Structure formats: structure tokens, C-alpha cells
Amino acid sequence: MAAVYPSPTLNFIVGKNASGKSAFLEAIFLLGRIKSFRSTAIKSVINSSQLELVVSAEILQMNGAIAHLGVQIDNKNYYCRINHQTTHKKSDFAYALPLQVIHPKSYELLDAAPQLRREFLDWGVFNDNENFLLNWRKYKKALAQRNSLLKARSLKELNVWNNELVYYGTIVNNYRQSYLLQFKPVFIEIVAKFLDLTDVDLRFISGWNTDKGLDNVFIEDLDKDLRFGFTHSGPHRGDIQIIVGSRLAKDFVSRGQLKLLIMSLKLAQMQLLKNQHSNIGCFLIDDFAAELDIINRAKLLQYLIELECQVFITTTEPSDFGDLSHIKNYKMFHVEQGNIIQV
Ligand SMILES: Nc1ncnc2c1ncn2[C@@H]1O[C@H](COP(=O)(O)OP(=O)(O)OP(=O)(O)O)[C@@H](O)[C@H]1O
Ligand SMILES: [Mg+2]
């Protein structure tokens, strides 16, 4: 068991390879997202020599109240509690502890399948508008129904579900669009601080040809949808792209630039959450030095200090953090063989 009393500002975590630094960040991530950031299997966060994992924390909420969050995971299930009440809603945790993580695999965000980018976008939309989640869930439920009708080739009821999809899909798309309208200028401003790239743009892809309207697209797609047994168009195919000049950033910027663009996306979400909702989240940065050169590391620390969010940053060498003499109220922790102590 370990207990940590972190600083509300910067927390530096140092330890050798395989000492347990990423595992510590996983514990925090688990509380905010009820999943792992390194693996798709939540179970992988349990120490394999143990039967279960319990993580709990007291979180200062933006209304000044303290929320007690607790998660317990065993081989089969997970149990979540907020203020000693059992809940099954992951969204309650996401609202209570808004967090972002940057880790060595984060650069995949722009390269991987759209699913990851949709999740990224929707985290922002979800925090921006409390009605988003309900509409997105209804959309996904209708989508599952429509897909099973397509597979069964039962066309009779299809229209009912088309109407549901058009109704909820339009709402979901509008929420996404209005979020991105606010998000884009914040993102572009952050990019300008870290990168020497001109003409950076963020493009939103709805997931269908919006000139035609979703109802018409369903009619046009019907043959294709029946042949493959799933719905080809809609907000479930939504995506975002970063464009530099007229090209997709992922196809030609350097790997370092790609990492900075992705870092800027994540910083922009936190910045917007603060600007629009006075909500200050928590930032996790794993393998700080592996990700950034020394100048960008210093800039990032400065940005995070000004953002006033709580930050947990890991590295193997204390010198990777650079000169900390001008930074107030930070705490330094040392991790060794799975134990964490403040130094
Ligand atoms: N589910 C698990 N059960 C037992 N051990 C695990 C589990 N998952 C990871 N480990 C081990 O725990 C140790 C600490 O892993 P962790 O990734 O936290 O190290 P780290 O300090 O982040 O190292 P690095 O600097 O290399 O990133 C490693 O030896 C790892 O293999
Ligand atoms: Mg690690």
C-alpha cells in the first residue's frame, strides 16, 4: 500500500526504469477514466501477484467540496464509489477528475484509426456540454439496432431507426461542431507557442456528406450498408484532422513536431475547460524527457504553471526537469521497487 500527499501544482516523480513510475500514473488515470492508458485491458493494472487493486483519492472540486473517489478492481469486475456511494457511471468519475495524459504512445493519436481521435474530441464535448453524453448514448443504441437489422436484412423497421439516428446524430454533430469552434483558436494559439509551423488548421469531419443530410445519405448508402451489414455514415465515423498548409500534418511533420502538436491538442482541452467552465483538471506526463527537448520541456512546465492545473510528471533523472529554482510549491517524489516516497 502507498499513500501520497501531492502538491496542488507540480509533482515530479523520479525513478529508475521499471521502478513503478508509469504504474503510479496509471493509478491516478484509473480514478478519472476507469481504464488503463497503456493497455486496453483494465485488469492489466492489477499487480499480477495480487488479487485486486484499490485506489482512492480525495479530490478538491471546483465548487470547493471534496469528492472521495474509490475504485476497486479484481479479476472479473470493477467497483466504483463516489462519496461512499456505489456508482456504475464512469462519467461521474470523468467529471470529478478531468484528466489528460501524455505518454510515449500518445503520438499515435494522429496516426491511428479515428476511434482514438473521436474519444479525444468527445472528452472535450462531454466536459463542455452535460447533454452530450445522453444524446451520444441514444445515437449509439439506435446504431446498434440499425446494424442488427441490416445484418438480418429486415428492412421493415429500418425507417424507425433511421429517424432516431438522424435525430440524435444531428444533435451529436452540432455539439461536436460548436465545441470545435471554441477549441480551434485555443489550439492554434498553443501551437504557435511550441511550434514554428505556419498555416496550421484543425478540420472537423462529421462522418457523412453534410451537404446531403443524414437521412438522404442513409437512402443512398442502403445497398452498401446491407451488403456489409453495418452503417457506413454518421457521427460514429466522425474525425478530426490537423492540416499544415494543405497537407495532413501526420504525413509530413517530424516526429518531434507531431508530438508537440498532440501535446498542444491536450493542453488546449485543459485550457478550454478552464476558460469556459473554470474547471481545472489534472495532467499526467509519462517519460517527460523521452518526449521533449529541453527548451520545450521548460516551456511546457511554464505553461502548466500558468494553467494552474495539478501535474504529475515522471522521468528517470531529476536533471531532466531542468532548473526548478524559480518554481514554487512543487513536490518531488522518488519511486523505487514499487514504493513511492516524497523527497
Ligand atoms: N500487472 C503487473 N503485475 C506485476 N508487475 C507489473 C505489472 N505491470 C507492470 N509490471 C512491472 O512493474 C514494473 C514497473 O513498471 P512501470 O512501467 O511502472 O515502470 P517505470 O518506472 O515506468 O519504468 P520506465 O522508466 O521503464 O518507464 C515493471 O517491471 C513492469 O514489468
Ligand atoms: Mg514508464
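Okay, here's what the table says:
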item: Every residue from the stretch 297-317 that is more than 16 Å from ligand 2 (Cβ to nearest atom) and touching a Lys or Arg at 6+ places or on another chain (Cβ under 9 Å); result: K299, Y303, I305, L307, E308, C309
item: Pick from the stretch 223-246, criterion buried (at least 19 other Cβ atoms within 10 Å of the Cβ) and touching a Lys or Arg at 6+ places or on another chain (Cβ under 6 Å), ranking: farthest from K140 (Cα to Cα); result: I240
item: A94 away from ligand 1 (no atom under 12 Å from the Cβ) and either closer than 27 Å to L133 by Cα or more than 20 Å from the chain's Cα centre (by Cα) (or both); result: yes
item: Segments classed as strands (runs of 3 or more DSSP E), wholly inside the stretch 53-126, with at least 3 members that are surrounded by 14 or more Cβ atoms within 10 Å (Cβ to Cβ) and not small (G, A, S); result: 66-74, 78-82, 99-102
item: Matching residues, the stretch 132-155, being without any contact (Cβ under 8 Å) to a residue 12 or more places away in the chain and either surrounded by 12 or more Cβ atoms within 10 Å (Cβ to Cβ) or under 23 Å from L121 (Cβ atoms) (or both); result: L134, R137, K141, A144, S148
item: Filtered residues of the stretch 193-222 (kept if farther than 16 Å from L143 by Cβ, out of contact with any Ser or Thr (no Cβ under 9 Å at 6 or more places or on another chain) and part of a helix (DSSP H, G or I)); result: N216, I219
item: Filtered residue count, the stretch 14-47, keeping only those that are within 10 Å of ligand 1 (Cβ to nearest atom) and over 22 Å from G70 (Cβ atoms); result: 7
item: Answer from G64, G20 - the residue that is out of contact with any helix residue (DSSP H, G or I) (no Cβ under 9 Å at 6 or more places or on another chain), on the phi > 0 side of the Ramachandran plot and either more than 13 Å from ligand 2 (Cβ to nearest atom) or charged (D, E, K, R) (or both); result: G64
item: Top-ranked residue of the stretch 217-257 - restricted to ones that are of a type in the set (A, V, I, L, M, F, W, C) and in contact with a strand residue (DSSP E or B) (Cβ under 9 Å, 6 or more places away or on another chain), ranked as farthest from R153 (Cα to Cα); result: V253
item: Residue list for the stretch 183-208, restricted to those being at pLDDT 95 or above and surrounded by fewer than 14 Cβ atoms within 10 Å (Cβ to Cβ); result: P185, E189, A192, R203
item: Answer from E220, E306 - the residue that is of a type in the set (D, E) and surrounded by 14 or more Cβ atoms within 10 Å (Cβ to Cβ); result: E220
item: Pairs with Cβ under 7 Å, 6+ apart, first in the stretch 312-325 and touching a residue at least 60 places away in the same chain (Cβ under 8 Å) and under 11 Å from L301 (Cβ atoms), second more than 13 Å from ligand 2 (Cβ to nearest atom) and among the hydroxyl-bearing types (S, T, Y); result: L324/Y330
item: Residues satisfying the stated conditions in the stretch 156-173, i.e. polar (S, T, N, Q) and surrounded by fewer than 16 Cβ atoms within 10 Å (Cβ to Cβ); result: N159, N163
item: Test: F12 is among the hydrophobic types (A, V, I, L, M, F, W, C), part of a loop (DSSP other than H, G, I, E, B), in contact with a helix residue (DSSP H, G or I) (Cβ under 9 Å, 6 or more places away or on another chain) and within 16 Å of ligand 2 (Cβ to nearest atom); result: no
item: Unique residue being in a helix (DSSP H, G or I) and under 24 Å from the mean Cα position of the chain (by Cα) when the list is L284, L265; result: L265
item: Some residue of the stretch 11-23 being crowded, with 16+ Cβ neighbours inside 10 Å, without any contact (Cβ under 8 Å) to a residue 60 or more places away in the chain and within 20 Å of the chain's Cα centre (by Cα); result: no
item: Matching option when the condition is over 22 Å from E58 (Cα atoms) and surrounded by fewer than 20 Cβ atoms within 10 Å (Cβ to Cβ), among A249, A290; result: A290
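Here is a yes/no grid of residues against (1) more than 16 Å from ligand 2 (Cβ to nearest atom); (2) within 25 Å of L307 (Cβ to Cβ); (3) in contact with a strand residue (DSSP E or B) (Cβ under 8 Å, 6 or more places away or on another chain):
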| position | (1), (2), (3) |
| --- | --- |
| S49 | yes, no, no |
| V54 | yes, no, yes |
| G70 | yes, no, yes |
| Y78 | yes, no, yes |
| A96 | yes, yes, yes |
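The values are calculated or read from the model by the stated rules, or taken from the named source; none is laboratory data. Treat the numbers as computed from the prediction; the structure is a model and nothing was measured. Heads up, the Cβs are rebuilt from the backbone with ideal geometry, glycines too, and the neighbour counts pull from every protein chain shown.
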